[in-house]
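A.B. asks: There's a structure below that I have some questions on.
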Amino acid sequence: MLNIKKEINGSDAVVTLEGRLDTTTAPQLENELKSFMESVSSLVFDFENLEYISSAGLRVLLTAQKFMSKQGSMKLIHVKEDVNEIFEVTGFSDILTIE
């Protein structure tokens, strides 16, 4: 299960994820992002309550990163150690901005 909370303030968007970002929930996030990404120049993901991310979730983040690099910036904040370990093992820590 994944809860997605988005806050859009002008051209800034914060997406807070809670639960698991996996094969089942990745399409949900992808659809949510498609609904507003073209209108923002700053995208922040708050992963404080994200417990797990699978390869399907990584794919959604990579797609979002590629899109946002053309029109602004994207970063991840409050990433838990378990999730950060997945980013490091897969090399995504070199691609994504993690604070």
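A.B. asks: Could you run through the stretch 1-32 and say how many residues are open to solvent by 70 Å² or more (accessible area, probe 1.4 Å), part of a helix (DSSP H, G or I) and under 21 Å from F87 (Cβ atoms)?
C.D. replies: 1
A.B. asks: Applying the selection to the stretch 33-78, what residues are open to solvent by less than 60 Å² (accessible area, probe 1.4 Å), closer than 18 Å to M1 by Cα and of a type outside the set (G, A, S)?
C.D. replies: Within the stretch 33-78, L33, F45, D46, F47, L50, I53, L58, V60, L61 meet the criteria.
The values are calculated or read from the model by the stated rules, or taken from the named source; none is laboratory data. These numbers were taken from a predicted model, which means no experiment stands behind them. Cβ: placed from backbone, ideal geometry, glycine included. Neighbour counts: every protein chain shown. Note: accessible area is taken over every heavy atom of the protein model, side chains too, but ligands, DNA and RNA are not part of it. Shrake-Rupley method; radii C 1.70, N 1.55, O 1.52, S 1.80 Å.
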